[in-house]
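Below is one structure, written out as structure tokens, with a few remarks after it.
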Amino acid sequence: MTATPLVTLENVDKHFGELHVLRGIDLSVERGEVVVVIGPSGSGKSTLCRTINRLETIDGGAITIDGVPLPEEGRGLARLRSDVGMVFQSFNLFAHKTVLQNVTIGPIKVRKKSKAAAEKRALELLDRVGIANQANKYPAQLSGGQQQRVAIARALAMEPKVLMFDEPTSALDPEMVQEVLDVMTSLAAEGMTMIVVTHEMGFARRAANRVVFMADGEIVEQAAPDDFFANPSSQRAKDFLSKILSH
Amino acid sequence: MEAFLGNLDKVIDGFSWTVRLTLCSALFSFILGVVLTAMRVSPVPMMRGLATVYVEGIRNTPLTLVLLFCGLGINSALGVALADSVKWDVFWWAVIGLSAYTACFVSESLRAGVNTVPLGQVEAARSLGLTFTQNLRLIVLPQALRSVVGPLGSVLIALTKNTTIASVAGLGVQEASRQMKLMFDQGIAPVIPTFIGFALGFLILTLPTGFFFGWLSKRVAVAR
Ligand SMILES: Nc1ncnc2c1ncn2[C@@H]1O[C@H](COP(=O)(O)OP(=O)(O)O)[C@@H](O)[C@H]1O
Ligand SMILES: [Mg+2]
């Protein structure tokens, strides 16, 4: 098989009422690629992520995952979503389930794995993100950084084809940002396909293959991180970078 | 007081029917209440509509009318029997009426509980690939239920007291309040002590229910 991109968006449009949030977005992400999406608040980055696993519907254009168009509703959609992992800004761990249950629920209920196999794998993943010893705690008993690492383990347990991160460190206290970025960096190094909305420029430089800059619902420019940070070609990107880098 | 205690077997028999009515109706109204709640949050407009019409319709009808409809309407007029003996036939019709009515309040409580579950929980479950029903069964309803244990306790207490209407509304279940009235009618018990005795009997049923649900609601509360 020729290498079709893993994720493609073609001329994707999305409105919230009058508001035109995504304007003719074209984007394709190759297998193993790490794409960082940056842009001002309100530019449509979260919406972009959410359309890719159809937490938001689109008004026009087409999205494919691994060559398959996103199904409309029902079981086909659920199956496809299980291949697209999502890590949220606010973690969204299931509050009434333990850490271990959070990580095993998908494999057991969606992938139909046995409980034993799911737990064995979950403990490996929790170990890998550094929280195996907290497996029986509830999310509220963990720090934000720990919760976000559990959320990453939960997404990984589904063995997704692509992982999406929507500002995964924005809700964290500063001292916890690095522990989450470290996990993400090692995933990137291992060849996981990732789409990451973040303002962590260090992570973008270190781990990304490509930076996509969005403003007002459009992709304004995209380039390798070094090129983008050194020579942004658009005025809007220059303005944006000068604002966040001057902090 | 002696007369009251002398008829203790009647009192106990009455309350045994009260408890049976309460437990059976609690079970069925809980099941129906969950189904109604699921319908009311379903993505299918038709389901939502049906459930809303049911809940708003029955909830706003006096319980006496609901039970009269079951007793005089379906049971007597249409001659539909649910059991061979009259005693059990009226019992089951009363359970149906009480359950149909109480389910509306269970559903209202649960729906308030569903509203306390943050949208992020639902989205995380969706993004794992859980289907709508799995999401409801594994994530939303368990959290909703935990947040409305207290209100459900109040619904159960109201149900316990509402069982007394089952005899007034033509369904001659021999529950506690009917036993009391029979004791008055037969002139075998002085009025005031008997009243107090039966009222205490209801307190003995409902007070622990309230304490238990209060304790349970703290125990199962979801920390966020
Ligand atoms: N559910 C929604 N309903 C209405 N407007 C929304 C909704 N979600 C986002 N928006 C609006 O869409 C625009 C893009 O939002 P978002 O994708 O969250 O941007 P970003 O993540 O880049 O900050 C913003 O103007 C936001 O207010
Ligand atoms: Mg956002």
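The values are calculated or read from the model by the stated rules, or taken from the named source; none is laboratory data. Fair warning: this is a prediction, and the values are worked out from it, not measured in the lab. Here the Cβ is made from the backbone with ideal geometry for all residues, glycine too, and neighbour counts use every protein chain on show. These area figures cover heavy atoms from the full protein model, side chains too; ligands, DNA and RNA do not enter into them. Shrake-Rupley method; radii C 1.70, N 1.55, O 1.52, S 1.80 Å.
Within the set of pairs 6+ apart or on separate chains, which have a first residue in segment B:182-202 that is assigned to a helix (DSSP H, G or I), a second that is among the β-branched types (Val, Ile, Thr) and open to solvent by 60 Å² or more (accessible area, probe 1.4 Å), and C-beta atoms under 7 Å apart?
Note: pairs meeting the criteria are B:Phe184/B:Val191.
I'd like to check something: does segment A:170-177 contain any residue that is open to solvent by less than 20 Å² (accessible area, probe 1.4 Å) and under 20 Å from A:Leu48 (Cα atoms)?
Scanning segment A:170-177 turns up no residue that is open to solvent by less than 20 Å² (accessible area, probe 1.4 Å) and under 20 Å from A:Leu48 (Cα atoms).
Kindly indicate whether any position in segment A:157-179 is more than 16 Å from ligand 1 (Cβ to nearest atom), closer than 22 Å to A:Ala224 by Cα and within 14 Å of chain B (Cβ to nearest Cβ). Don't jump to the end; show me each part of the working.
Initially, segment A:157-179 is screened for residues more than 16 Å from ligand 1 (Cβ to nearest atom), giving A:157-163, A:172-179.
The next check asks that each one be closer than 22 Å to A:Ala224 by Cα; those that pass are A:162-163.
When the remaining residues are screened for being within 14 Å of chain B (Cβ to nearest Cβ), the result is A:162-163.
Yes, segment A:157-179 contains at least one residue that is more than 16 Å from ligand 1 (Cβ to nearest atom), closer than 22 Å to A:Ala224 by Cα and within 14 Å of chain B (Cβ to nearest Cβ).
Considering only residues of segment A:26-48 that are within 8 Å of ligand 1 (Cβ to nearest atom) and farther than 13 Å from A:Glu218 by Cβ, which is modelled with the highest pLDDT?
Applying the filter and picking the extreme gives A:Ser46.
Residues to consider are B:Ala176, B:Ala166, B:Ala144, B:Ala94; find the one that is more than 19 Å from B:Ser16 (Cβ to Cβ) and among the small types (Gly, Ala, Ser).
Being more than 19 Å from B:Ser16 (Cβ to Cβ) and among the small types (Gly, Ala, Ser) holds for just one of B:Ala176, B:Ala166, B:Ala144, B:Ala94, which is B:Ala144.
With A:Gly67, A:Gly85 as the choices, which residue is away from chain B (no Cβ under 12 Å) and in contact (Cβ under 8 Å) with a residue 12 or more places away in the chain?
Details: A:Gly85 fails: away from chain B (no Cβ under 12 Å).
Only one candidate passes the filter, namely A:Gly67.
Among the listed residues A:Gly74, A:Gly85, identify the single one that is at positive phi and either open to solvent by less than 20 Å² (accessible area, probe 1.4 Å) or more than 16 Å from ligand 2 (Cβ to nearest atom) (or both).
A:Gly74
What do you reckon, is A:Ser46 at the interface with chain B (Cβ under 10 Å from one of its Cβ atoms), open to solvent by 30 Å² or more (accessible area, probe 1.4 Å) and among the hydroxyl-bearing types (Ser, Thr, Tyr)? Spell out the reasoning first.
Values: at the interface with chain B (Cβ under 10 Å from one of its Cβ atoms): no; open to solvent by 30 Å² or more (accessible area, probe 1.4 Å): yes; among the hydroxyl-bearing types (Ser, Thr, Tyr): yes.
Considered against the rule, which asks whether it is at the interface with chain B (Cβ under 10 Å from one of its Cβ atoms), open to solvent by 30 Å² or more (accessible area, probe 1.4 Å) and among the hydroxyl-bearing types (Ser, Thr, Tyr), A:Ser46 comes out as no.
Scan segment B:86-121 residue by residue and report those that are within 14 Å of chain A (Cβ to nearest Cβ), of a type in the set (A, V, I, L, M) and open to solvent by 30 Å² or more (accessible area, probe 1.4 Å). It would help to see each step written out before you state the result.
Here is the first cut: in segment B:86-121, the ones within 14 Å of chain A (Cβ to nearest Cβ) are B:113-114, B:116-121.
Remaining after also requiring of a type in the set (A, V, I, L, M): B:114, B:117, B:119.
Hit for segment B:86-121 is B:Leu119, nothing else.
Evaluate segment B:185-208: report whether one residue or more is over 16 Å from B:Trp17 (Cα atoms), open to solvent by 60 Å² or more (accessible area, probe 1.4 Å) and aromatic (Phe, Trp, Tyr).
The answer is yes, given that some residue of segment B:185-208 is over 16 Å from B:Trp17 (Cα atoms), open to solvent by 60 Å² or more (accessible area, probe 1.4 Å) and aromatic (Phe, Trp, Tyr).
State the number of residues belonging to segment B:62-110 that are outside any loop (DSSP other than H, G, I, E, B) and under 22 Å from B:Leu27 (Cβ atoms).
Going through segment B:62-110 one residue at a time, the tally reaches 32.
Any residue in segment B:54-71 that is touching a residue at least 40 places away in the same chain (Cβ under 8 Å), over 30 Å from B:Val148 (Cα atoms) and surrounded by 15 or more Cβ atoms within 10 Å (Cβ to Cβ)?
Checking segment B:54-71: at least one residue is touching a residue at least 40 places away in the same chain (Cβ under 8 Å), over 30 Å from B:Val148 (Cα atoms) and surrounded by 15 or more Cβ atoms within 10 Å (Cβ to Cβ).
Taking segment B:125-170 as the search range and keeping residues that are away from chain A (no Cβ under 12 Å) and hydroxyl-bearing (Ser, Thr, Tyr), which one is most open to solvent (accessible area, probe 1.4 Å)?
Of the residues in segment B:125-170, the ones away from chain A (no Cβ under 12 Å) are B:136, B:148-170.
Those still in the list that are hydroxyl-bearing (Ser, Thr, Tyr) too: B:154, B:160, B:163-164, B:167.
Working: B:Ser154: 72, B:Thr160: 8, B:Thr163: 0, B:Thr164: 33, B:Ser167: 18 Å².
Restricting to residues being away from chain A (no Cβ under 12 Å) and hydroxyl-bearing (Ser, Thr, Tyr), the top hit is B:Ser154.
Restricting segment A:88-97 to residues that are open to solvent by 20 Å² or more (accessible area, probe 1.4 Å) and more than 7 Å from every other protein chain (Cβ to nearest Cβ), which is farthest from B:Ala125 (Cα to Cα)?
A:Gln89
Could you identify the single residue in A:Arg205, A:Arg149 that is surrounded by 21 or more Cβ atoms within 10 Å (Cβ to Cβ) and either under 15 Å from A:Ile38 (Cα atoms) or more than 16 Å from ligand 1 (Cβ to nearest atom) (or both)?
Answer to the check: A:Arg149.
If A:His199 satisfies all but one of (1) open to solvent by 20 Å² or more (accessible area, probe 1.4 Å); (2) away from ligand 2 (no atom under 16 Å from the Cβ); (3) modelled with pLDDT under 95; (4) of a type outside the set (S, T, N, Q), what's the number of the condition it fails?
It is condition (2) that A:His199 fails.
List pairs: first residue in segment A:8-20 and at positive phi and in contact (Cβ under 8 Å) with a residue 40 or more places away in the chain, second residue open to solvent by 60 Å² or more (accessible area, probe 1.4 Å) and assigned to a strand (DSSP E or B) anywhere in the structure, Cβ distance under 7 angstrom, at least six positions apart or on different chains.
Taking only residues 6 or more apart or on different chains, the pairs are A:Asn11/A:Asp26.
Hey, A:Leu19 hits all of (1) within 16 Å of ligand 1 (Cβ to nearest atom); (2) open to solvent by less than 30 Å² (accessible area, probe 1.4 Å); (3) of a type in the set (A, V, I, L, M, F, W, C) but one; which does it fall short on?
(2)
Can you name the number of the only condition in (1) more than 16 Å from ligand 2 (Cβ to nearest atom); (2) modelled with pLDDT under 95 that A:Ala95 fails?
Here A:Ala95 meets the rest and fails (2).
Test of understanding: among B:Pro208, B:Pro151, B:Pro142, which residue is in contact with a His (Cβ under 9 Å, 6 or more places away or on another chain) and modelled with pLDDT of 95 or more? So that I can check it myself, show each step before the final result.
On the way: B:Pro208 fails: in contact with a His (Cβ under 9 Å, 6 or more places away or on another chain); B:Pro151 fails: in contact with a His (Cβ under 9 Å, 6 or more places away or on another chain).
Just a single option satisfies the conditions, and that option is B:Pro142.
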